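Can you keep this structure in mind? I'll have questions shortly.
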Amino acid sequence: MGIFLFTDFGSADIYAGQVRSVLHQHVPDVRVIDLFHDAPAFNIRAAAHLLAALANRLPMDSVTVAVVDPGVGGARAPVVVSADNRWYVGPDNGLISVVVARARSVQIFPITGMPEQRSASFHGRDLFAPVAARIASGELRAEQLPTKAQLDVEFGADDLAEVIYIDHYGNAFTGLRAGKVLPQARVVAGGREVGHARVFSEVPAGEAFWYENSLGLLELAANSASAAVRLGLKTGAAIRFAK
């Protein structure tokens, strides 16, 4: 069983390393994998769709610490979720809800016990990481936990017609699953209309297009150029289909 980290902590900041340090203290023999630390900061809905796109590629029985948590220390509740035989630990603020809505089997468990020594603003390190470690070690099992019927915040299973992430190439991931879109569809983004291509080399250098990326999402890209620059896109930009 491995522990995966999905956060908006940033790859260059100090936070992910502190979480890894706590996990190493608790479960030194369990492998910890940095799934992603550059989820859109504070954008819970976009991150929820990105996490859902990654979820099917996580191994069975894995534990994911999922933290995009602008409400840390506030009223939002902490939660553990088992969805399709994969565990998720994080805030009940919608982040895990798209995974839950699309899963075939789900159990939801509130985290009720709080560590005495914890930072008010770093639950990823002081709460979620220790709980994930206990699950990964087998110390904490589903039958030991109280249950709740549903999450407090639910975004649902529907796709999100927005840009949810822009990578360093300038490729813009959307919250739309490409398998539901016909290849002849034309996508309107940033006020411009683009057609479909299977891969980058099918269009001339510099030309923007949409395709199904490796996560199964509709992605806006450009051959040897930044689609974000070409189309004037930022995270949250609306996507629609030409009539």
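Is it the case that some residue within segment 101-109 is free of Cβ contacts under 8 Å to residues at least 24 places away in the same chain and among the hydroxyl-bearing types (Ser, Thr, Tyr)?
Checked against the condition, which is being free of Cβ contacts under 8 Å to residues at least 24 places away in the same chain and among the hydroxyl-bearing types (Ser, Thr, Tyr), segment 101-109 yields at least one hit.
A further question follows. Need a quick list: helices (runs of 4 or more DSSP H) entirely within segment 1-108 having at least 2 residues that are surrounded by fewer than 23 Cβ atoms within 10 Å (Cβ to Cβ) and hydroxyl-bearing (Ser, Thr, Tyr).
Answer list for segment 1-108: 15-26.
From the residues in segment 82-110 that are β-branched (Val, Ile, Thr) and touching a helix residue (DSSP H, G or I) at 6+ places or on another chain (Cβ under 6 Å), which one is nearest to Ser21 (Cα to Cα)?
Across segment 82-110, the extreme among qualifying residues is Val89.
Sort through Ile3, Ile108 and tell me the only one that's over 22 Å from Ala157 (Cα atoms), over 14 Å from the mean Cα position of the chain (by Cα) and β-branched (Val, Ile, Thr).
Result of the check over Ile3, Ile108: Ile3.
Any residue in segment 14-37 that is in the same structural domain as Gly94 (by TED's automatic domain parsing), touching a strand residue (DSSP E or B) at 6+ places or on another chain (Cβ under 8 Å) and within 16 Å of Val98 (Cα to Cα)?
No.
Only residues that are hydroxyl-bearing (Ser, Thr, Tyr) and either touching a strand residue (DSSP E or B) at 6+ places or on another chain (Cβ under 7 Å) or touching a residue at least 40 places away in the same chain (Cβ under 8 Å) (or both): list them for segment 186-243, please.
Tyr211, Ser226, Thr235
The values are calculated or read from the model by the stated rules, or taken from the named source; none is laboratory data. Given the structure is predicted, the values throughout are model-derived calculations rather than measurements. FYI the Cβ positions are ideal-geometry reconstructions off the backbone, even for glycines, and counts take in every protein chain you see.
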